[in-house]
Amino acid sequence: MMATQLMAAHGLTVHVRPWDGTRSSLLIANADDTYGRNAVEQVRRRGGNVLTVSDQPGATGDAVTSSIQVAELVDRIKAIVAPETGAPAVADAVAPPTSAPTALDVALDPAQLGGLLQVCLQAASTPGDVLASIGPWQVLIRRDASRIAANAHSDLLAAQSRLVIEDWTTQTLSRTEAAALKMEVTQSLDAFLITGCDAIADLLPPLPGNGYQLSNWPDLGALPNHRAALQLASALVKKRWNLTALATHCGLTAAQTNAFCWAMLASGLLQSDLNIIAPPPPPAPVASQNILTRLARRFGLFRSE
Amino acid sequence: MIEGPVKLLFAGPVGAGKTTAIRSLSDTAPVSTEAALSENATAAKSTTTVAFDYSTMRVDGDLTVHLYGIPGQDRFDFMRPIIANGALGAIVLLDASSPTLRADCVHWLKSISTIAPTLQFVIGVTKADVAPDFSLADIRAGMQQCGIRAPALTIDPRQRAQCEQLVRALLSSL
C-alpha cells in the first residue's frame, strides 16, 4: 500500500482494489497460491500487466519477494505502468520507414501528429502486425488485413478516442505471435479509423492539396449511417481529386474531407499523386439514369452524375 | 440497358448468408426453397437453398427491386445464367471463416462474370467478427486475380442496415 501511495512522486495516481476479474493497469498477485496464479493466468491471457510476488526459490525471474524494499517496489510498478521514461516493459519501438521520403511523408511530420494514427502510418513499413499499448489498453493493428483487434469493445473505443494522443508503445508481432494473443474482438480497421478521424476532424492538420485517389474500396460495412464516407470513397475510387474539389463535389466541409483522407492514409488505401496507378475505365451504364436516380434516392444516396 | 424491373443477384457459397441477407432486405415474405441439410448440419444452419430465393423490395411508385439468391451448390449452376439475365448487379456473399476464402472469392467472381460479363459486383463478407484470422487482403487479391475492382464490405446479413449498405455500395460503384 505504501508503495502505491509513493507513486504520486512520479506523478501517478494509483487506486488499489481487490482483483475482481475486471480490467486494471496492473495486477499484483501472490504466485504462491492457486487463486493468485489463476488471476495471473487470466490477466496475462488478456495481455494485461502483472507483477507476481513469490518467496519460492524457483520463482520466475520477474517475480518479487514479499520482503522487497518499498523503493524497489515503486520502481518495479512504475516500470510496468509508465514505462516511457525507462526501458519499455513489453514493447519495442516500431522501426521508422526505411524507404525514401515522399512529399506526403514530409507533410506527415510526426511532430504535428502522434498517437495511434501515427502508429498506423508507420505500420506501412512494418512486416507483420503491430501491438499498440497505452495504459491498460492494447489493440492489435493488422493493417494488411484491414482489421483491428482487442480484448474488449471498450478497448477499441478507448483506442479510438486516443488517435492523436501520444505515449502509445508498439511491438511488432509475427502472425503466429499475434494469433497467440487470442484477441476477443475484431473489426474493420477502415471503419475504426474513419469514425475516429471524424471525431477529431478539427485537430487533424490539412493534407497537402495534391491529387489523391483510393487504391481500393474501404470496408464501410459497419458504417451504414456514414453516407459521407461512401460518397467520398466512391469519388476517390473513380478518379484523382484535390481535396478542395473533392469537398465541393461531395458537398462536405474541408475538415470532413480531410479527416476521411487521413483515415484512408492511415489504413493504407490513399495514394498521393506521386504513386497513383491509373484506375480502370469506368463501367458502362447498365440501367437508365432514371432508374439509377430513383434507386439512389431510395437508399439515401446523393447522385450527381 | 435496364429500363424496367430491376433485378439484384445474391451469389456465394453455401452458408455465406444469402438467404438471410435477402430476408433482411425484403419488404415481402421471401419465397425460399429450403431443404434440410443432409450433412454438416449445425444448430446455426440446418437447411440450405436448393433452387433459389426470391423476394422484392419496393423503391418508389411502380419501381421494385427483385432479389434473387442463386443456390450455392455447383449442381445447380445451370440456373445461374437464367437468373442472372438482365440483372443490375451481383452481391457476392463470402464466409470469412472459410479456409478457402480467397478461392471462394475467385470461383464466384469468375463464375458470375463468365455468364454476365458486364455485371457489377459488390462483395459482402460475413462472419468476420468470429474469424480472427480473416484478412480483407485475401478478398482484394482475389478480385485483382479476376481483374475486378469492386467494393468489399464486412457485414452481418441479419442487419438490414448493413445489407442496404451493400446495395448502396453497388449503386455507388456504377
What's the total number of residues in the range A:146-191 that are assigned to a loop (DSSP other than H, G, I, E, B), within 11 Å of chain B (Cβ to nearest Cβ) and under 30 Å from residue A:225 (Cβ atoms)? 3
Just one of (1) within 30 Å of residue A:180 (Cβ to Cβ); (2) within 9 Å of chain A (Cβ to nearest Cβ) trips up residue B:127, so point out which. (2)
Give me a count of the residues in the range A:218-257 that are within 12 Å of chain B (Cβ to nearest Cβ) and not small (Gly, Ala, Ser). 15
Of all residues making up the range B:130-165, the number that are at the interface with another protein chain (Cβ under 7 Å from one of its Cβ atoms), assigned to a helix (DSSP H, G or I) and either of a type in the set (Ser, Thr, Tyr) or over 22 Å from residue A:140 (Cα atoms) (or both): 4
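Scan the range A:185-212 residue by residue and report those that are closer than 25 Å to residue B:155 by Cβ and in contact (Cβ under 8 Å) with a residue 40 or more places away in the chain.
Our first condition is that a residue be closer than 25 Å to residue B:155 by Cβ; within the range A:185-212, this holds for A:185-199.
Scanning the range A:185-212 gives A:187, A:188, A:189, A:190, A:192, A:193, A:194, A:196, A:197, A:198.
Each row is one residue, and each column tells you yes or no for (1) under 15 Å from residue A:130 (Cβ atoms); (2) in contact with a Pro (Cβ under 9 Å, 6 or more places away or on another chain); (3) of a type in the set (Lys, Arg); (4) outside the structural domain of residue A:133 (by TED's automatic domain parsing).
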| position | (1), (2), (3), (4) |
| --- | --- |
| A:172 | yes, yes, no, no |
| A:175 | yes, no, yes, no |
| A:179 | yes, yes, no, no |
| A:182 | no, yes, yes, no |
| A:185 | no, no, no, no |
| A:205 | no, no, no, no |
| A:211 | no, no, no, no |
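The values are calculated or read from the model by the stated rules, or taken from the named source; none is laboratory data. From a predicted model like this one, the values you see are computed outputs, not experimental measurements. We place every Cβ from the backbone using ideal geometry, glycine too, and count neighbours over all the protein chains shown.
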